[in-house]
1. Which of the residues that make up the stretch 46-65 are within 10 Å of the chain's Cα centre (by Cα) and free of Cβ contacts under 8 Å to residues at least 40 places away in the same chain?
2. Residues of the stretch 28-50 being surrounded by fewer than 11 Cβ atoms within 10 Å (Cβ to Cβ) and either of a type in the set (S, T, N, Q) or closer than 30 Å to Lys62 by Cα (or both), which ones?
3. Inspect all residues belonging to the stretch 36-45 and state whether any of them is under 18 Å from the mean Cα position of the chain (by Cα) and in a loop (DSSP other than H, G, I, E, B).
4. Do the conditions hold for Leu59, that is, is it surrounded by 13 or more Cβ atoms within 10 Å (Cβ to Cβ), part of a loop (DSSP other than H, G, I, E, B) and either in contact with a helix residue (DSSP H, G or I) (Cβ under 6 Å, 6 or more places away or on another chain) or at pLDDT below 90 (or both)?
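The values are calculated or read from the model by the stated rules, or taken from the named source; none is laboratory data. Here the structure is a predicted model, which is why all the values come from computation and not from measurement. Cβ sites come from the backbone with ideal geometry, for glycine too, and all protein chains shown count toward neighbours.
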Amino acid sequence: MEKSNNYNSIDLFKLIMAICVVAIHTNPLYSCDNKTTVSIYNTVVGVANPFFFLSSGFLIGKKYFGGGKITTTFCSI
């Protein structure tokens with residue numbers, strides 16, 4: 001039987017970051033005048049795009065290198 005790796009925390013954050021991506025494109029705080037709120041919003045929502053880049057790289061790397069073989073593969077190159 002093949003072992004399956006489930007990354008539930010990554011899936012949860014992907015859901016949260018997907019909501020942040022929607023918020024980026026809809027700009028719900030357009031009429032907000034409070035600079036502190038807008039600054040915090042931009043900081044939190046701005047993490048969405050780099051998160052998808054890093055999580056995709058992690059999952060592709062785990063699949064490509066098979067987990068634990070990264071140093072052996074790079075040393076042989």
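1. Within the stretch 46-65, Val47, Ala48, Asn49, Pro50, Phe51, Phe52, Phe53, Leu54, Ser56, Gly57 qualify.
2. Ser31, Asn34, Thr36, Ser39, Thr43, Pro50, listed by residue number.
3. no
4. No; evaluated as a whole, the condition is false for this residue.
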